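Please read the structure below before turning to the comments.
No lab work stands behind these numbers, since they all come straight from the coordinates. All values derive from a computational prediction rather than experimental measurement. Cβ sites come from the backbone with ideal geometry, for glycine too, and all protein chains shown count toward neighbours.
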Amino acid sequence: MPRYISTQIAVPDSPLVKALVMLQTIAPNIWHIQHDFLSNGLSISSRMTVIRLQNGNLWVHSPVPLSPELRSQLAALGKVEFIVAPSKTHHLFVAEYLLAFPQARLFGAPGLSVKRPDLKGISELSSNIEPEWQSDLEQIFFAGIPYGNETVWFHKASRTLILTDLCQWWQGDLSFFAHAFASLTGVRKQLDVPKTIRWLIKDKHAAHDSAQKILAWPIERIVMAHNSIVDQDAYASIKRALSHF
């Protein structure tokens with residue numbers, strides 16, 4: 001079965017507090033941390049993924065709130081070189097990281113600079129692989145869904161696909177409303193493209209072409225923002241999910 005990473009909510013002075021702010025290892029040179037929050041009354045979680053590049057510096061994907069403990073952990077792993085807002089919906093905590101790591105460069109989804117004019121100096125992601133990380137990562141701009149303008153990545157050394165909202169799998173103990181939402185959108189029982197994402201497709205041909213490019217990668221693991229990590233039968237799972245396009 002795919003691995004599920006616990007999303008327990010800690011309370012003040014609980015032993016869980018320290019554990020939950022810790023980055024957890026996914027594979028060599030890849031870590032993650034989850035953030036639990038409410039969105040329109042719905043209890044959900046989001047994941048930040050961190051990769052240590054071959055030069056020893058860090059690539060931080062979809063930032064979560066930056067606690068003092070998390071900042072120290074990142075500093076212990078390496079220098080934060082790149083901060084990535086992978087879509088127009090995953091950007092809320094970027095400013096905290098730019099303030100904490102002023103030497104870092106910000107890369108953001110097409111259109112994010114219009115949505116967040118306060119974020120200065122954004123380098124816009126495109127369909128081209130950024131030369132700064134091309135030794136470690138492949139990337140594809142998933143076209144045809146302009147609401148999010150998501151870019152997806154493939155970490156070559158670990159054969160890990162990194163997604164934001166494109167595919168999801170809400171496993172584990174969920175609140176009643178979160179369980180109902182995941183079931184209605186098709187992401188409770190298996191990895192899938194949520195119906196809420198499918199409804200946003202504006203160009204089916206472009207989305208299909210993007211999906212086929214992803215499937216050309218030798219994927220052995222899938223890391224998603226919401227909420228699972230799939231490290232068994234990953235390629236078959238993503239192939240089935242992307243068959244919607």
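Here are some notes:
- The per residue volume of the convex hull around the alpha-carbon atoms of the chain is 127 Å³.
- Based on the Kirkwood approach, the hydrodynamic radius assigned to segment 78-135 is 11.8 Å, with every pair of different Cα atoms included.
- J(HN,Hα) series, segment 52-61, from Karplus relation 6.51 cos²θ - 1.76 cosθ + 1.60, nearest Hz, glycine and proline x: 8, 6, 4, 7, x, 8, 9, 10, 10, 10
- Taken as Cα centroids, segment 182-214 and segment 41-84 sit 26 Å apart, rounded to the nearest whole angstrom.
- Looking at segment 172-214, the chymotrypsin sites (Phe, Trp or Tyr not before Pro) that sit in a DSSP loop and have at most 14 other Cβ atoms within 10 Å of their own Cβ are 199.
- Relative contact order for the chain, counting Cα pairs under 8 Å that sit 6 or more residues apart, in percent: 17 percent
- Cross-link table 88/156; 120/239; 79/204; 156/202; 79/195; 88/213, entries beyond 32 Å C-alpha to C-alpha: 120/239; 79/204; 79/195
- Nearest-20 debye value, segment 120-212 charge dipole, Cβ charges on Lys, Arg, Asp, Glu: 400 debye
- Table column - 3J(HN,Hα) (Hz), segment 190-195, Karplus curve with 6.51, -1.76, 1.60, x for Gly and Pro: 7, 5, 7, 7, x, 4
- Along its three principal directions, the equivalent ellipsoid of segment 26-126 from the Cα gyration tensor extends over semi-axes of 20, 18, 12 Å, largest first.
- Ordering 127, 73, 210 by the projection of their Cα atoms onto the charge dipole of the chain, which places +1 on the Cβ of Lys and Arg and -1 on the Cβ of Asp and Glu, puts 210 at the extreme positive end.
- Taking the square roots of 5 times each eigenvalue of the Cα gyration tensor of segment 98-244, largest first, gives ellipsoid semi-axes of 25, 19, 17 Å.
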